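Asks: Dumping the structure here so I can ask a few things about it.
The values are calculated or read from the model by the stated rules, or taken from the named source; none is laboratory data. The model shown is predicted, which means the values in this text are computed figures rather than measured ones. A quick note on method: Cβ atoms are made from the backbone with ideal geometry, for glycine too, and the neighbour counts reach across all protein chains shown. Quick note on the areas: whole protein, heavy atoms, side chains included, nothing else; ligands and nucleic acids left out. Shrake-Rupley method; radii C 1.70, N 1.55, O 1.52, S 1.80 Å.
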Amino acid sequence: MTDLTAPQPYDPATLEPLWRQRWADRGTNQVDLDGAAKPFYALMMFPYPSAEGLHVGNLFAFTGSDISARYHRLIGHEVFQPLGYDAFGIHSENYALKMGAHPMELTPKNVANFQRQLERAGLMIDWRSKVDTSRPEYYQWTQWVFLQLVKQGLAYKKAAAVNWCPSCKTVLANEQVEGGQCERCGSAVEQRVLEQWFFRISQYAERLLTNLDGLDWSAITANAQRNWIGRSEGAELTFAVDGTGGEVVRVFTTRPDTIFGATYLVLAPEHPLVATITTDAQRAAVAQYQDATRKQDLISRKSTREKTGVFTGAMAVNPATGAPIPIWIADYVLMEYGTGAIMAVPGHDERDFEFAQVFGLPIVRVVAGPTDDADTPLGDVAYTDDAGGRLVNSGAFDGLSVTDAKAKVTAWLASHGHGTAVVNFRLHDWCISRQRYWGPPIPIIYCDACGTVPVPESQLPVELPYLADFKPDDSGVSPLARNEAWYRVPCPTCGAPARRETDVSDTFLDSAWYFLRYPSATHAEVPFDPARTRTWLPVDSYIGGNEHAVLHLLYSRFITMVLHDAGFLDFDEPFTRFRAHGMIIRDGAKMSKSKGNVINPDQYMEQWGTDAFRMYLMFLGPYEEGGDFRDQGISGVRRFLERVWASVRDCTTEGAADAAVVRQLHRTIKKVGHDTATLGYNTAIAAMMEYVNHLRRGERTPHRDEVLPLVQMVAPYAPHLAEACWEMLGHVDSVFDGGWPPFDPALLVDDAVDLAVQVNGKLRGTVRVAVTVTQEEALAAAMAEPGIAKFVTGELRKVVFVPKRLLNLVVG
RNA sequence: GCGGACGUGGCGAAAUUGGUAGACGCGCCAGCCUUAGGAGCUGGUGGGGCAACCCGUCCCGGUUCGAGUCCGGGCGUUCGCACCA
């Protein structure tokens with residue numbers, strides 16, 4: 001029998017499942033997707049469903065997003081907050097390989113486990129809109145997106161290098177290469193050239209860059225994108241090759257002003273011109289160098305700094321000086337940037353300087369610093385500072401500043417047909433092909449007669465077949481290439497026997513459009529329903545990790561722009577606001593399985609309750625910076641929730657609320673509202689704790705009017721507790737339909753304040769004065785305090801008075 | 001090497017435009033209650049000093065009536081990118 005007179009204790013173990021069941025039964029977390037008047041799309045980055053289960057980092061991210069979503073609902077929006085699974089990709093495939101399981105069987109199990117953990121986390125998710133990128137009903141539309149890029153002329157095929165492990169005989173993803181070695185067997189990774197599909201994202205570089213200025217994004221994230229896009233202004237210059245009848249080398253440089261100091265050229269080893277210009281005498285040495293470079297993997301080649309190279313035997317003409325200069329090849333010049341060739345100016349570029357020193361090439365000064373003249377030796381480093389430099393040894397351009405010279409030299413060279421000003425980007429085209437199994441098959445068919453034929457949209461999805469052996473092998477193509485029954489198909493155009501593309505697409509393509517799918521996930525016949533898309537997109541608030549600052553966020557922006565330009569969307573930026581959350585560490589160290597300090601969320605939710613766990617995650621540090629998880633810390637938050645519970649349970653309706661408490665309440669409402677809106681969750685929680693301390697000081701019985709707004713404020717943070725408290729206070733609806741409490745600005749300021757009194761900048765005391773006090777009155781009040789007056793010795797030279805804050809007396 | 005972020009008690013951390021440094025929480029100390037408590041409640045808690053006071057936000061210097069906050073120069077931690085011409 002329950003003792004009805006005993007005070008009800010706070011018992012999350014029974015209360016939390018009860019409320020989650022009610023939310024499910026009542027559809028509390030569902031929004032009307034077709035009839036929303038004030039729609040708000042709150043998006044969090046969807047997880048990869050690992051076999052280990054939900055990581056505390058996932059929960060930290062999701063909870064912060066959930067609080068924001070719930071807050072927006074409370075202030076009057078109709079909030080759509082979906083979630084799904086990024087279930088395709090190399091992680092799942094590798095894990096399956098390791099466990100000897102099949103991804104097609106393993107993935108649904110992992111998803112089910114994630115689903116169980118997520119439902120326990122008390123998130124305000126509308127699960128009707130769940131997506132799973134590995135399901136045909138999702139990836140048929142991923143394939144549709146691919147076809148739109150083909151249609152727009154933005155997809156093309158070309159040969160490109162991949163990482164190849166000669167021992168495992170398989171293609172490796174970049175993340176499987178560690179320090180130039182295969183992460184599994186440790187053998188040195190090589191490059192291998194394969195035909196692959198690319199998206200022309202570089203064509204959108206300028207737009208991806210300039211649009212950033214109009215987005216409300218974390219500054220760090222926007223900046224990471226700027227650096228990644230890597231815009232640089234310069235010139236493309238041409239150098240004639242001696243004795244080849246018209247061959248020219250095109251180079252890109254950001255320092256056309258230094259052309260008089262260009263003493264040699266360097267081509268990337270794989271530059272197509274190398275074969276043409278290399279002299280017979282040098283042919284063997286060049287071939288040997290090219291071969292050695294190819295044997296290096298893509299990563300270690302970019303990280304070794306020692307300069308190596310070989311002379312091609314060919315000479316070019318410096319168009320500024322008319323002097324013959326040698327053409328070298330070296331792996332410090334990258335084929336994939338600029339033109340794959342440079343003019344080397346060893347006097348004013350560190351890398352060229354190093355190279356020139358190794359091979360004894362001439363080093364000429366053509367820029368002088370403020371304290372140098374034309375003949376000042378360069379010493380043992382290149383002079384690269386262009387701020388105060390002026391040109392020397394540069395003919396008619398001597399004396400010009402570097403900035404002026406860049407424009408004038410370029411114009412002069414252009415007028416003689418030696419080049420033109422250009423803008424270059426670091427951003428490369430997006431390689432979409434993966435020689436793997438666990439992804440959406442690229443929807444292309446190769447026909448001997450018709451060539452490359454896109455799969456007609458009506459024939460989507462191209463289903464990924466079940467392959468018992470899905471291991472990558474030494475064929476250099478996807479495991480799908482072993483399944484003849486699958487890849488042999490008639491050509492959709494002419495009906496002749498043809499062959500499917502057997503590579504799958506990059507996981508980043510799955511996630512580059514998923515936010516478009518959510519609102520329409522219940523519609524099977526279209527990728528995204530026009531009306532719903534108009535209502536809900538672009539995303540109002542996107543929260544996620546900064547590890548995706550570049551790739552995922554950039555690809556999503558690109559795909560959105562393409563779909564906009566193709567007429568499918570009426571916006572060209574997907575995420576109006578983006579905020580990056582921080583990372584959780586534990587006891588000052590990163591969590592890792594080997595250290596055995598990984599947090600198991602289930603265990604904590606079990607012991608302390610979901611609300612306490614959620615709230616502790618939000619309290620342990622600033623959301624956008626992350627913080628240090630310490631087991632002991634959670635007890636403080638749990639105690640706070642107990643006190644909220646007890647305050648509601650024991651509150652009275654007799655008499656009136658205490659005026660001082662009410663004043664504190666209104667200040668708290670203002671601060672919690674502001675801090676919650678700006679993701680300052682840790683300080684919002686602190687403010688609520690402070691208020692509860694006030695509320696209960698001296699073991700007083702709180703008044704109902706003092707606790708009801710507290711329940712509303714705590715609701716986004718501790719939703720189960722808030723619902724239960726809301727019910728205790730006599731409500732039958734959800735607290736999330738009860739709105740956000742208003743505050744009265746008139747109650748925010750006290751009549752009197754403690755004014756800090758300084759003498760010569762040092763705090764000497766405080767005086768209690770009316771807020772309306774004048775400087776003279778404040779001064780008089782301060783001088784009436786003996787503890788302050790005794791420091792005022794000598795002449796009072798100046799008085800600084802900041803109303804409501806301080807009074808500083810300058811004496812001496 | 002380049003770029004960003006950061007440096008505050010025993011610990012996690014607060015601090016509108018420069019304006020009472022250390023809110024809130026953990027831990028610790030004392031008291032109350034209790035048969036007992038690893039429960040609850042109340043109070044205290046930057047360092048030094050009996051005290052008046054003095055010293056304190058990584059270090060050095062500057063601007064200012066006043067600097068955790070702004071400027072210059074160091075040191076340290078950390079995260080990205082990494083031969084991008």
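Asks: Could you list, ordered by first residue, the pairs with Cβ atoms under 9 Å in which the first is in segment A:219-234 and in contact (Cβ under 8 Å) with a residue 12 or more places away in the chain and among the hydroxyl-bearing types (Ser, Thr, Tyr) and the second is open to solvent by 70 Å² or more (accessible area, probe 1.4 Å) and near RNA strand B (Cβ under 7 Å from one of its atoms), at least 6 apart or interchain?
Replies: Correct list of pairs: A:Ser232/A:Arg426.
Asks: Restricted to segment A:622-636, and to residues that are part of a loop (DSSP other than H, G, I, E, B) and open to solvent by 10 Å² or more (accessible area, probe 1.4 Å), which residue is farthest from RNA strand B (Cβ to nearest atom)?
Replies: A:Glu624
Residue by residue, here is whether (1) open to solvent by 80 Å² or more (accessible area, probe 1.4 Å); (2) near RNA strand B (Cβ under 7 Å from one of its atoms); (3) among the polar types (S, T, N, Q); (4) over 30 Å from A:Val662 (Cα atoms) holds:
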position: A:Ala752; (1), (2), (3), (4): no, no, no, no
position: A:Ala756; (1), (2), (3), (4): no, yes, no, no
position: A:Val771; (1), (2), (3), (4): no, no, no, no
position: A:Ala781; (1), (2), (3), (4): no, no, no, no
position: A:Lys790; (1), (2), (3), (4): yes, yes, no, yes
position: A:Val802; (1), (2), (3), (4): no, yes, no, no
position: A:Arg805; (1), (2), (3), (4): yes, yes, no, no
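Asks: Also, I was wondering about something else. When you scan segment A:729-737, do you find a residue that is within 16 Å of RNA strand B (Cβ to nearest atom) and not in a strand (DSSP E or B), even just one?
Replies: no
Asks: With the checklist (1) more than 30 Å from A:Ala222 (Cα to Cα); (2) of a type in the set (D, E, K, R); (3) within 12 Å of RNA strand B (Cβ to nearest atom) in hand, flag the one item A:Lys590 doesn't pass.
Replies: Among (1) more than 30 Å from A:Ala222 (Cα to Cα); (2) of a type in the set (D, E, K, R); (3) within 12 Å of RNA strand B (Cβ to nearest atom), A:Lys590 violates only (1).
Asks: Take segment A:637-659 and flag every residue that is open to solvent by 30 Å² or more (accessible area, probe 1.4 Å) and near RNA strand B (Cβ under 7 Å from one of its atoms).
Replies: Once the filter is applied, which keeps residues that are open to solvent by 30 Å² or more (accessible area, probe 1.4 Å) and near RNA strand B (Cβ under 7 Å from one of its atoms), segment A:637-659 yields A:Arg639, A:Glu642, A:Arg643.
Asks: Anything in segment A:211-224 that is open to solvent by less than 50 Å² (accessible area, probe 1.4 Å), near RNA strand B (Cβ under 10 Å from one of its atoms) and touching a helix residue (DSSP H, G or I) at 6+ places or on another chain (Cβ under 7 Å)? List them, or say none.
Replies: Once the filter is applied, which keeps residues that are open to solvent by less than 50 Å² (accessible area, probe 1.4 Å), near RNA strand B (Cβ under 10 Å from one of its atoms) and touching a helix residue (DSSP H, G or I) at 6+ places or on another chain (Cβ under 7 Å), segment A:211-224 yields only A:Thr221.
Asks: Has segment A:435-446 got at least one residue that is more than 21 Å from A:Pro136 (Cβ to Cβ), open to solvent by 60 Å² or more (accessible area, probe 1.4 Å) and of a type outside the set (Asp, Glu)?
Replies: No; the residues of segment A:435-446 include none that is more than 21 Å from A:Pro136 (Cβ to Cβ), open to solvent by 60 Å² or more (accessible area, probe 1.4 Å) and of a type outside the set (Asp, Glu).
Asks: While we're looking at this one, here's another question. Return the residues of segment A:760-769 that are in contact with a helix residue (DSSP H, G or I) (Cβ under 8 Å, 6 or more places away or on another chain) and within 9 Å of RNA strand B (Cβ to nearest atom); say none if nothing qualifies.
Replies: If the condition is that a residue be in contact with a helix residue (DSSP H, G or I) (Cβ under 8 Å, 6 or more places away or on another chain) and within 9 Å of RNA strand B (Cβ to nearest atom), then A:Arg764, A:Gly765 are the ones that fit.
Asks: Can you report the number of residues in segment A:254-311 which are within 11 Å of RNA strand B (Cβ to nearest atom), of a type in the set (D, E, K, R) and modelled with pLDDT of 90 or more?
Replies: 2
Asks: Could you pull out the residue among A:Val707, A:Val662 that is within 16 Å of RNA strand B (Cβ to nearest atom), among the β-branched types (Val, Ile, Thr) and either part of a helix (DSSP H, G or I) or under 25 Å from A:Glu16 (Cα atoms) (or both)?
Replies: Only one candidate passes the filter, namely A:Val707.
Asks: For segment A:347-365, what are the residues that are within 42 Å of the chain's Cα centre (by Cα) and either open to solvent by 50 Å² or more (accessible area, probe 1.4 Å) or away from RNA strand B (no atom under 11 Å from the Cβ) (or both)?
Replies: A:Gly347, A:Glu350, A:Arg351, A:Glu354, A:Ala356, A:Gln357, A:Val358, listed by residue number.
Asks: Considering segment A:225-247 alone, what residues qualify as being open to solvent by less than 70 Å² (accessible area, probe 1.4 Å) and either within 35 Å of the chain's Cα centre (by Cα) or modelled with pLDDT of 90 or more (or both)?
Replies: A:Gln225, A:Ile229, A:Gly230, A:Ser232, A:Gly234, A:Ala235, A:Glu236, A:Leu237, A:Thr238, A:Phe239, A:Ala240, A:Val241
Asks: Sort out which residues of segment A:24-51 are open to solvent by 70 Å² or more (accessible area, probe 1.4 Å), touching a residue at least 60 places away in the same chain (Cβ under 8 Å) and in a loop (DSSP other than H, G, I, E, B), and write them in order of number.
Replies: Listed by number, the residues that qualify are A:Gln30, A:Asp34.
Asks: Sticking with this structure for a sec: Any residue that is under 30 Å from A:Ile442 (Cβ atoms), assigned to a loop (DSSP other than H, G, I, E, B) and touching a residue at least 60 places away in the same chain (Cβ under 8 Å) - is there at least one of those in segment A:87-94?
Replies: yes
Asks: Follow-up. Taking the conditions exactly as written (part of a loop (DSSP other than H, G, I, E, B), without any contact (Cβ under 8 Å) to a residue 12 or more places away in the chain, under 35 Å from the mean Cα position of the chain (by Cα) and loosely packed, with under 15 Cβ neighbours inside 10 Å), does A:Glu525 satisfy them or not?
Replies: Judged against the criteria, A:Glu525 is a match.
Asks: Just checking: which of the strands (runs of 3 or more DSSP E) contained wholly in segment A:447-512 hold 2 or more residues that are at pLDDT 90 or above and either exposed (fewer than 13 other Cβ atoms within 10 Å of the Cβ) or hydroxyl-bearing (Ser, Thr, Tyr) (or both)?
Replies: In segment A:447-512, the matching strands (runs of 3 or more DSSP E) lie at A:451-454, A:488-490.
Asks: Now for a separate question. Looking only at segment A:601-624, decide whether some residue is of a type in the set (Gly, Ala, Ser), over 30 Å from the mean Cα position of the chain (by Cα) and at pLDDT below 90.
Replies: Looking for residues that are of a type in the set (Gly, Ala, Ser), over 30 Å from the mean Cα position of the chain (by Cα) and at pLDDT below 90, one finds none in segment A:601-624, hence no.
Asks: Still on this structure: If a residue has to be open to solvent by 10 Å² or more (accessible area, probe 1.4 Å) and at positive phi to count, how many in segment A:118-167 make the cut?
Replies: Matching residues across segment A:118-167 total 1.
Asks: Kindly list, by first and then second residue, each pair from a residue in segment A:593-620 that is within 14 Å of A:Gln632 (Cα to Cα) and within 15 Å of RNA strand B (Cβ to nearest atom) to a residue that is of a type in the set (Val, Ile, Thr) and open to solvent by 10 Å² or more (accessible area, probe 1.4 Å), limited to pairs with Cβ atoms under 8 Å and residues at least 6 apart or on different chains.
Replies: A:Ile599/A:Ile584; A:Leu617/A:Ile584; A:Leu620/A:Ile584
Asks: Further, regarding this structure: Among the residues of segment A:739-749, is any within 30 Å of A:Leu679 (Cβ to Cβ), in contact (Cβ under 8 Å) with a residue 12 or more places away in the chain, away from RNA strand B (no atom under 14 Å from the Cβ) and touching a Cys at 6+ places or on another chain (Cβ under 8 Å)?
Replies: So far as segment A:739-749 goes, no, none of its residues is within 30 Å of A:Leu679 (Cβ to Cβ), in contact (Cβ under 8 Å) with a residue 12 or more places away in the chain, away from RNA strand B (no atom under 14 Å from the Cβ) and touching a Cys at 6+ places or on another chain (Cβ under 8 Å).
Asks: May I ask you to list pairs of residues, at least six apart or on different chains, whose Cβ atoms are under 9 Å apart, with the first in segment A:347-373 being touching a residue at least 60 places away in the same chain (Cβ under 8 Å) and the second being assigned to a helix (DSSP H, G or I) and open to solvent by 70 Å² or more (accessible area, probe 1.4 Å)?
Replies: A:Ile363/A:Gln357
Asks: Here is a follow-up. Of everything in segment A:668-704 that's at negative phi and not in a helix (DSSP H, G or I), which residue is nearest to RNA strand B (Cβ to nearest atom)?
Replies: A:Gly680
Asks: Hey, can you tell me all the residues within segment A:257-286 that are free of Cβ contacts under 8 Å to residues at least 40 places away in the same chain and either surrounded by fewer than 21 Cβ atoms within 10 Å (Cβ to Cβ) or assigned to a helix (DSSP H, G or I) (or both)?
Replies: A:Pro272, A:Ala275, A:Thr276, A:Thr279, A:Asp280, A:Ala281, A:Gln282, A:Arg283, A:Ala284, A:Ala285
Asks: Please work out which residue is farthest from RNA strand B (Cβ to nearest atom), limiting yourself to segment A:533-579 and to residues that are part of a helix (DSSP H, G or I) and acidic (Asp, Glu).
Replies: In this case the residue turns out to be A:Asp565.
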